[in-house]
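None of the figures in this text is laboratory data; all of them are computed from the coordinates on show. Computed from a predicted structure; not experimentally measured. No Cβ is skipped: glycine too gets one built from the backbone with ideal geometry, and neighbour counts run over all protein chains shown.
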Amino acid sequence: MLKDVLISIKSTQDYGQDEENSLEFITDGYYFYDGDIGCLSYQESEVTGMEGTRTSVMVGPDQVVVDRDGNINSRMVFREGLKNAFQYRTPYGMATFGVDTRKIRQDFGENGGKMEIDYVMDIEHAVVSRNKFQITVRQMGE
């Protein structure tokens, strides 16, 4: 069953040499849980720089898939210990991005949950940052 939820997101990028960037926000969205897979969806905003894009996240026991559709289209697959490459449209044209997943922690159930992904991102095979992405999903009114 699809539930209205509050989604808290915190993203941190570490570019090395004491240069770090963090973004934290709360938005409303939708969530459902089927077996051992949690699925959430929310609309991006100008806060994230991806206005006009819907983000969907599928959290399974051994992988997390982040799909973006709209003004930005991409699919990122996170599997602990594996690297995944994907195409990403930038203001300068298409580029190949890669995510090398270091660690995934997740605990999702019928009423929501939380997860954290620790990964390294590269662009055209050059490492640009170490990232942490945290999501907490809870039902409205909790």
**Taking N as its residue count, the alpha carbon Rg of the chain over 2.2 N^0.38 Å** = 1.03
**Asked** So if R0 is 22 Å, what FRET efficiency would Asp36 and Glu124 give, r being the distance between their Cβ atoms, rounded to the nearest 0.05?
**Response** 0.05
**Asked** Roughly what would the spin-label model give for Asp14 and Lys103, points 7 Å off Cα along C-beta, in nm?
**Response** 1.0 nm
**Message:** Let me spell out the model: positive unit charges on the Cβ of Lys and Arg, negative unit charges on the Cβ of Asp and Glu, origin at the Cα centre of the chain. What dipole size does that give, in debye rounded to 20?
**Reply:** 240 debye
**Message:** Starting from the Kirkwood Rh over alpha-carbon pairs, what translational D in µm² s⁻¹ does region 86-142 have by Stokes-Einstein at 37 °C and 0.692 mPa s?
**Reply:** 246 µm²/s
